[in-house]
Structure formats: C-alpha cells, structure tokens
C-alpha cells in the first residue's frame, strides 16, 4: 500500500470533524511509542519548551551516569544511544533553538566524559559532526540568540584532536 501525500492527508483531515480527528490520533498513538511520545509533546509540553529542555537534560545526565566506561566499545555504544534519544526529542520539538541547546549540552558531556573522545576516531568524528550540526542550526537563529550561544560553541570548537 502506497501512503498518501501529506497535502492529501491534510485536505482529508480538514474535512473531518474534531471527534474523528481525535479518534485517528488515539489510534495512531496506540501503534507506535514514538507517535504517543510526539502526541504527548504536542499536547502537554510544546507550550513549555524551557521545561521540556530541562527534563531532557536531566534524562541525558542520568544516561551519562549509567555509561559503562570500563570498555571503550560500551562507552561508544552508550554515547551513540544517548545521541539518538536527543535527536528524537529534537525532532519532536522542531525548533532550532532546542536543537542547538541540546546538542551543546550533549557535546559538553562528551567533552567531559570519563573517557577521552580522542581515544576513538569514531567518538572524535561523532563529536565533530555534532559541532557542525550546531553551527548549521545556529546560523538560522536570530542574531541575539546566535550571540548567546557563540561562547559555548567556541568553547566546544576549541576542543581539537591532539596531534
């Protein structure tokens, strides 16, 4: 079955009653955890973005505390998992400011991790890719916000691979 285009879905949803749309949303939420999480964000957290970001930061803090640093393989795997979680939350929000804030927070954790990110090319590359994503998103923000985040970004960018 080929899915309908977004514009077709939008047209059909506009012609439905609010009760029918609500029933569709509930049905979507039942089938996939991510749909339920997105719906939760849209209904309860979208209007309180600062609180949403703080809650994500607390969750990320907890995940970093649980990383097994005895083996670089497990540490890398955990760090990539945390990044996937952050990216999922960024997708829910859709705001560039949230993306910049959370990626800077993640990179600060990587930079201060118990294992140096320079012990692994994969971690170094992961870190550098996130810095590039931050720069790209930062360029789309208002000038005042760019200025606010610039110091943090420079602190992260100055962290180069030794040798």
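The values are calculated or read from the model by the stated rules, or taken from the named source; none is laboratory data. All figures in this text were calculated on a predicted structure; none of them were measured in a lab. Neighbour counts run over all protein chains shown; Cβ positions are idealised from the backbone, glycine included.
Listing for the model above:
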quantity	calculated
Answer residue from the range 104-119, given it is more than 22 Å from residue 53 (Cα to Cα) and surrounded by fewer than 17 Cβ atoms within 10 Å (Cβ to Cβ) and is modelled with the highest pLDDT among those	114
Within the range 62-106, tally of residues that are within 22 Å of residue 117 (Cα to Cα) and either in contact with a strand residue (DSSP E or B) (Cβ under 9 Å, 6 or more places away or on another chain) or in contact (Cβ under 8 Å) with a residue 40 or more places away in the chain (or both)	15
Filter result for residue 153 (closer than 24 Å to residue 62 by Cα, surrounded by 13 or more Cβ atoms within 10 Å (Cβ to Cβ), modelled with pLDDT of 90 or more and out of contact with any strand residue (DSSP E or B) (no Cβ under 6 Å at 6 or more places or on another chain))	no
Among (1) in contact (Cβ under 8 Å) with a residue 12 or more places away in the chain; (2) surrounded by fewer than 19 Cβ atoms within 10 Å (Cβ to Cβ); (3) closer than 19 Å to residue 63 by Cβ, the one test that residue 140 misses	(3)
Filtered residue count, the range 35-51, keeping only those that are in a loop (DSSP other than H, G, I, E, B) and surrounded by 14 or more Cβ atoms within 10 Å (Cβ to Cβ)	1
